[in-house]
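The values are calculated or read from the model by the stated rules, or taken from the named source; none is laboratory data. A quick note: this is a predicted structure, and the numbers were derived from the prediction, not measured. Here the Cβ positions follow ideal geometry from the backbone for every residue, glycine too, while neighbour counts run over all protein chains shown.
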Amino acid sequence: AYPSRSADLAHFPAAGGGTLDLTDYRMEDRREDFLTLVEDDHRGPGWTALARQAEDDLVLVLKNPAELPVTMLWFSNGGRDYAPWSGRHLGVPG
């Protein structure tokens, strides 16, 4: 649900009620999601990891949270049913 906040990514408020586990993002449902994650400056490296099953790899981003505290993630899975996407943009993290 927009806007929502949670310190626990495993229990994030969902638009239709209940919660979603954003630590294990499922692509079964057609939807679009945009997440903004803000990391506290804890005097250590910040990181974001994304396991991509179709590519059989792991994307790892290391950063200094004092300089780059925000990570933005867009998940596109057929939730835009209008042109030019017409529901064809499936399983795309960005």
Note on the stretch 1-40: residues modelled with pLDDT of 85 or more, surrounded by 11 or more Cβ atoms within 10 Å (Cβ to Cβ), in a loop (DSSP other than H, G, I, E, B) and not acidic (Asp, Glu) are Ser4, Ser6, Ala14, Leu22, Arg30
Among (1) at pLDDT below 90; (2) loosely packed, with under 14 Cβ neighbours inside 10 Å; (3) assigned to a loop (DSSP other than H, G, I, E, B), there is one condition Leu68 misses while meeting the rest; what is its number? (1)
With the checklist (1) touching a helix residue (DSSP H, G or I) at 6+ places or on another chain (Cβ under 9 Å); (2) modelled with pLDDT under 85; (3) of a type in the set (S, T, N, Q) in hand, flag the one item Gln53 doesn't pass. (1)
Take the residues in the stretch 41-65 that are assigned to a strand (DSSP E or B) and out of contact with any strand residue (DSSP E or B) (no Cβ under 6 Å at 6 or more places or on another chain); name whichever of them is farthest from Asp24 (Cα to Cα). Asp57
Pairing a residue in the stretch 31-52 that is under 15 Å from Lys63 (Cβ atoms) with any residue that is among the small types (Gly, Ala, Ser) and surrounded by 11 or more Cβ atoms within 10 Å (Cβ to Cβ), where Cβ atoms lie under 6 Å and the two sit 6 or more apart in sequence or on different chains, gives Glu39/Gly46; Asp41/Ala66
The lone exception for Gly94 - which of (1) exposed (fewer than 10 other Cβ atoms within 10 Å of the Cβ); (2) touching a strand residue (DSSP E or B) at 6+ places or on another chain (Cβ under 9 Å); (3) modelled with pLDDT of 85 or more; (4) not hydroxyl-bearing (Ser, Thr, Tyr) it fails: (3)
